[in-house]
Amino acid sequence: MLVKQNKPYVINKKIDSYFDGVYHAFKFVKRFFAQVIRPPFHFKEVINQSYEIGIKSLSLITLTGFIVGMVFTKQTRPSLEDFGATSWLPSLIGIAIVRALAALVTALICAGKVGSSIGAELGSMKVTEQIDAMEVSAINPFKYLVVTRVLATSLTIPILALYCSFVGLLGSYLNVYGSEASSLTMFYKNAFSDISFLDIFASVVKSIFYGFTIGMVGCYKGYYATQGTRGVGKAANEAVVLSMFLIFVEEIIIVQVSNWIRLY
Amino acid sequence: MNSNKNIASPLVININNVYKSFGELEVLKGINLSVFKGENMAILGKSGSGKSVLIKMMIGLLQPDKGEVFVLNQEVKNLQGKELDALRLRIGFSFQNSALYDSMNVFQNLAFPLIMNHKNLSKAEISHAVEEALVAVGLESKELQMPADLSGGQRKRIGIARTLILKPEIMLYDEPTSGLDPVTSSEINALIVSVQKEYRTTSVIITHDLTCAKVTCNRIAVLVEGAFLKVGTFEEVFNQQTDLISPFYNYNFIQ
């Protein structure tokens, strides 16, 4: 017979399980930092994973970055024309893409493509006892699977974000070129005229944070997947949702911090 | 294979008064078991009786709530890091679903534990060891196949080969014949016996297949409701059948 539990009990249980989850996630992150500095180092696996992540996301980032640059330029031009300020277009687009859009767009694409893939892969390995198989063979599965993937996402996503900036500006240039004769060199020169080292540095730093978040969340959800194949799907889904949420939270914080540094 | 000849041999696995619960479900209730060097011990029990939990304690994948598990004279609960790894290298664990790495082919599956644990081995030595393990399980032509392309019986064999490549002293088999047809099951049974002879291993075999237990094991322990009901040779266990033991016999050998 099913026993109907009262509401306060259910709510208390949910709150307990939420804080339990936060505690476990904290322990998982702590374990990463404890293991990343200890040998053995699986450099080859980090390179393999970086290659996989790069290859998996490159076409989508090229397409999305190009379209973002093109559409953003197309939508901005009429407003600037009203003020006779179309000459500001390259630097405006440059600031928007390099400071904010490229890193964010790359992170969101990778959260969907790479985060879900890591969550599903590790989840599947967990439910089919492949992780246990590593452990009983005296191989540290955390180090081999988690540390390498988190390092790979943290290293690859900044590179992809820089690439996205380049492609986004190219898309923007093509739109500009459709309206006025302008050389690519001049466009890039104007686009970067108002971009400081801090802008590029902040963009790279936040991409590292995004990459770390995507890798960590994907690995955490996959590593603790339960309930068979259903659990694998759940892990992949939760990896995407949670990493996207955390990326937006990080974006707010990093923008505030970099603006504060810019002011002082 | 149902002799009691190994009883005088040194103790390899010693389980003392082990309890294990998951939440409110008490799975093991004061388990005691001794496994001697060179013998094959079967643990029989219904699904959910705690057989797999017990075998996972022997290799440190799970810890008992109470009691002690000694393997090769070391208490597994007290081992961590390199000490635990050193013990695990002396134990082979064959998983119920084989647990082959999906992303690697058969050669890579077998070479992986070797490469990770013996960094100084040359490519030729690794290839030779893989070949030797594949010959031992009779699948020398499957090196380049992916796990998804193998049959259930072949996956089990490759799973066993992957453990043999590290030359274990103890083999732990979790349901080695589950999900296999009778012919393939008998081939796996023959493989278990040949592994014991060729590699001189001590084995613990978790199963509910009485044929497997009878053919491969020296002794049998029957796990019912979290405790061992009977431990002894096949004849000792099944000659005097009680209400709790006869269902196993009747299911496997229709009377």
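Observations
- Only aspartates and glutamates eight or more places from A:Lys44 in sequence, or on another chain, were considered; those with a Cα closer than 16 Å are A:Glu52.
- Gaussian network model of chain B, Cα within-10 Å springs - most flexible of B:Pro182, B:Pro113, B:Pro64: B:Pro182
- Under 11 Å, Cβ to Cβ, from B:Asp174 - net charge with Lys/Arg +1 and Asp/Glu -1: 0
- For B:Lys51, a cut-off of 14 angstrom between C-alpha atoms picks up these aspartates and glutamates, skipping any fewer than 8 places away in its own chain: B:Glu26, B:Asp174, B:Glu175, B:Asp209, B:Glu225.
- Candidates A:Lys234, A:Lys74, A:Lys206, ranked by Gaussian network fluctuation over chain A, Cα under 10 Å, top entry: A:Lys74
- Cα long-axis angle, helix B:106-117 against chain B (0 to 90 degrees, to the nearest 10): 90 degrees
- Positive dipole terminus of the protein assembly as shown, leading residue within B:Leu89, A:Asn259, A:Gly69 (C-beta point charges): A:Asn259
- Residue-count net charge about A:Phe245 - beta-carbon cut-off 14 Å; Lys, Arg +1, Asp, Glu -1: -2
- When +1 charges are put on Lys and Arg Cβ atoms and -1 charges on Asp and Glu Cβ atoms, the dipole computed for segment A:44-263 relative to its Cα centre reaches about 120 debye.
- For the Cα trace of segment B:7-252, dividing Rg by the Kirkwood Rh returns an Rg/Rh value of 0.97.
- Fraction of beta bridges assigned by DSSP in the protein assembly as shown that are antiparallel (%, nearest 5): 50 percent
- Gain upon complete extension [A:Asn259, A:Ala85; 0.36 nm per residue less C-alpha separation]: 60.2 nm
- Note on B:Glu236 and A:Lys7: with the Förster distance fixed at 51 Å, the Cβ-Cβ geometry gives a FRET efficiency of about 0.35.
- Here each label is just a point 7 Å from Cα along the line to Cβ, and for B:Asp149 and B:Lys77 those points are 4.8 nm apart.
- Hypothetical label at B:Asn117: residues of segment B:165-180 whose amide nitrogen lies under 16 Å (7 Å Cα-Cβ projection): B:165-173
- Both numbers refer to the Cα atoms of segment A:1-154; Rg and Dmax are 23.0, 75 Å.
- When each of A:Lys143/B:Lys66; A:Lys27/B:Lys20; B:Lys20/B:Lys77; A:Lys143/B:Lys142 is checked by Cα-Cα distance, pairs over 22 Å: A:Lys143/B:Lys66; A:Lys27/B:Lys20; A:Lys143/B:Lys142
- Volume of the Cα convex hull of the protein assembly as shown, divided per residue and given in Å³: 211 Å³
- Charged neighbours of A:His42, selected by a Cβ distance under 11 Å, balance to +2 (K, R count +1; D, E count -1).
- Whole-angstrom gap from segment B:22-57 to segment B:176-223, using each part's C-alpha centre: 16 Å
- Backbone N atoms of segment A:135-164 closer than 19 Å to the 7 Å Cα→Cβ label point of A:Ile67 belong to residues A:161, A:163-164.
- In degrees, nearest ten, helix B:152-164 long axis to first principal axis of chain B (Cα): 80 degrees
All of the numbers you see were taken from the coordinates with simple rules; none came from a lab. This one's a predicted model, so the numbers in the text were calculated from it and none came from an experiment. Counting neighbours? That spans all protein chains shown, and the Cβs are built from the backbone with ideal geometry, glycine included.
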